[in-house]
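Values quoted throughout were computed directly from the atomic coordinates according to the rules given, and no laboratory measurement underlies them. This one's a predicted model, so the numbers in the text were calculated from it and none came from an experiment. When we count neighbours, we look across all protein chains shown, and the Cβ atoms used for this are built from the backbone with ideal geometry, even at glycine.
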Amino acid sequence: MKKLCLNLVLLSVLFMLSGCGANMSYLKDEKPVFNLEEWFIGKFKASGGFFSRSGELKRRFTMTLEGRREGELTLLNEVLTYTDGEVTTRTYKIKKIRDNFYEATAEGVVGVATIESAGNALHWKYRLKQAIGGSEWTLSFDDWMYLVDEKTMMDRAEVSKFGIRLGEVYLTAIKE
């Protein structure tokens, strides 16, 4: 009986872990292809919001983005303007590591963000310092960006802390 219980626990853990990695192979043929180094060059406008885990819209924002190439880096300047008046600026420095894999750094990003591309999608994973209720929190983002067409991107990022899902950020960006 003890061995059966141990096997059930191990099987449960393996089952839970099997969904932890992002397998992007199903996206490889999706169009338009999300070429990070090309698509993020230029100016964009975006809008979106943060939804709590219960689905309640907690915060809305608009965003301007401007990207350019500088040597081997793609620089992406973002300005977030929240409806309560708070403004946050950040510059992502994105470097290609190998085909379909990138790393990024930015103000507030803890360590290095990882980015994987396949077909029409980018998958970003990063930890970001955020001011919340007078404190600074480090939140984890599991961020999926999808090209809808050559000028439109939709984004959904799951936000968590200590592995506990806090909510999601949704946004749509339009290339000018």
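Computed from Cα positions, the angle between helix 2-18 and the longest principal axis of the chain comes to roughly 10 degrees.
Computed about its Cα centre, the charge dipole of the chain is approximately 580 debye, with only Lys, Arg, Asp and Glu carrying charge at their Cβ.
Across the chain, the mean sequence separation of Cα contacts (distance under 8 Å, 6 or more residues apart), normalised by length, yields a relative contact order of 20 percent. Largest first, the extents of the alpha carbon coordinates of segment 31-175 on the three principal axes equal 39, 28, 24 Å. The Kirkwood radius of segment 27-66, taken over pairs of alpha-carbon atoms, gives through the Stokes-Einstein law at 37 °C and 0.692 mPa s a diffusion coefficient of 256 µm² s⁻¹.
Segment 77-102 and segment 105-137 have their alpha-carbon centroids 9 Å apart. Among the lysines of segment 19-176, pairs at least eight places apart or on separate chains and with Cα atoms under 20 Å apart come to 22. As an exercise, identify the chymotrypsin sites (Phe, Trp or Tyr not before Pro) in segment 25-54 lying in DSSP coil whose Cβ has no more than 15 other Cβ atoms within 10 Å. In loop regions of segment 25-54 (DSSP not H, G, I, E or B), there are no sparsely surrounded chymotrypsin sites (Phe, Trp or Tyr not before Pro).
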